[in-house]
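The values are calculated or read from the model by the stated rules, or taken from the named source; none is laboratory data. Note that this is a predicted model, so its numbers are computed, not measured. Here the Cβ positions follow ideal geometry from the backbone for every residue, glycine too, while neighbour counts run over all protein chains shown. Heads up: the accessible areas ignore ligands, DNA and RNA and are worked out on the full protein's heavy atoms, side chains in. Shrake-Rupley method; radii C 1.70, N 1.55, O 1.52, S 1.80 Å.
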Amino acid sequence: KGSEPLHVMMNPVDSMVTVVNNGFKNLDNLMIKASAYDMEGKEYFYSQVFNTIGPSSVRKFFPLNSFLKTLDKKEGVFVSLQILNEDKKVLSDNLYWLAGKDGEYTGLQKMKATPLIVTATQKSKGKVEVTLTNDKGNPIAFFNRVALINSTTGKRILPAFYSDNYISILPGENKTVTVEFSGDEKNAIEVYGWNVESKRIEIK
């Protein structure tokens, strides 16, 4: 994911939010959005700015240190970064989980289970779209793995290629993962995460 053409990231040393444009075009009217979430899923909005980034370049935007210090990081927080275009379509996103004041990740151990909604649709032969939805009011559905499996044996189908994986879903957000594979087996999708119980989804 770090090698995607347009990428937003945070330097953990100084909390500087930076955008990398590996493409060859100037990109205008980008919205850079930064938020934090506690372990219960409550959002603490920080900032969003419209800006431009040139081709083959790296641009620093703003540090988050002062903002993070205003939060009670007793048990840690998540930091969500997004780049959106003028139509509010997400072009790049990134999620960081930060330790609490004691340097430990106690909050992760206490996260409540999130009832993630998962659907799987056969788009064409050898191509499945998996949509993961997390309703508003839930905690973040953290670090979910999507796997294509044989419906009969439960074994993974290999090789299979995923557009993304080990993904986290914010409250009120949905993400779609495309899975491409070969073969005609009767397949299903299995999804499980840090605070999401393992579930098997039949492909429709």
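Things to note:
- Close amide-amide hydrogen proximity is noted between G41 and I140, each under 5 Å apart and 5 or more residues distant or on a separate chain (H modeled in the peptide plane; Pro and chain starts excluded).
- Stretching F143 away from F24 to a fully extended chain increases their span by 39.6 nm, per 0.36 nm per residue minus the current alpha-carbon distance.
- Taking Y37, Y166, Y46 and ordering them by how much accessible surface each has at a 1.4 Å probe, largest first, produces Y166, Y46, Y37.
- Under 15 Å from the N150 label point (7 Å along Cα→beta-carbon), backbone N, segment 164-204: 182-189
- Rolling a 1.4 Å probe over the heavy atoms of the protein chains gives segment 67-204 an accessible area of 55 Å² per residue.
- Whole-number percent relative contact order across the chain, with pairs defined as alpha carbons under 8 Å at least 6 apart: 17 percent
- Accessible area (Å², 1.4 Å probe, nearest 10) - R200: 120 Å²
- Cα gyration tensor, segment 31-98 - rounded (a/c under 1.5), prolate or oblate: prolate
- FRET E, pair E180, T52, Förster distance 45 Å, beta-carbon r, rounded to 0.05: 0.85
- Cα gyration tensor shape for the chain, rounded if a/c is under 1.5, else prolate or oblate: oblate
- Accessible surface of F143 - all protein chains present, 1.4 Å probe, nearest 10 Å²: 90 Å²
- Extending 7 Å from the Cα toward the beta-carbon at both Y166 and T133 defines two label points whose distance is 2.8 nm.
- Per-residue HN-Hα couplings for segment 189-199 [Karplus 6.51, -1.76, 1.60; θ = phi - 60°; Hz; x = Gly/Pro]: 10, 10, 10, 8, x, 4, 10, 10, 5, 4, 9
- Residue-level accessible surface for E4, protein heavy atoms, 1.4 Å, Å²: 40 Å²
- Shape call, segment 68-119: gyration tensor on alpha carbons, a/c limit 1.5: oblate
- Surface share of carbon and sulfur [accessible, 1.4 angstrom probe, percent] for segment 65-204: 48 percent
- Residue-span extension gain [Y44 to N11] - 0.36 nm each, minus C-alpha spacing: 9.9 nm
- Helix-only arithmetic for the chain: the sum of -39500 (n - 2.57) across DSSP H runs with n ≥ 4, divided by the residue total, places the mean residue ellipticity at 222 nm at -500 deg cm²/dmol.
- Separation in nanometres of the label points that stand 7 Å from Cα toward Cβ, at Q109 and S124: 4.9 nm
- Karplus (6.51, -1.76, 1.60) ³J(HN,Hα), θ = phi - 60°, over segment 158-163, in Hz, Gly and Pro reported as x: 10, x, 9, 10, 10, 5
- When the listed pairs K88/K123; K69/K89; K112/K155; K42/K110; K25/K127; K155/K199 are checked against a 22 Å cut-off, the alpha-carbon distance exceeds it for K88/K123; K69/K89; K112/K155; K25/K127.
- Efficiency of FRET between S66 and K199 - r from beta-carbon atoms, R0 41 angstrom, step 0.05: 0.50
- Per-residue HN-Hα couplings for segment 134-146 [Karplus 6.51, -1.76, 1.60; θ = phi - 60°; Hz; x = Gly/Pro]: 10, 5, 4, x, 8, x, 4, 7, 9, 6, 8, 9, 9
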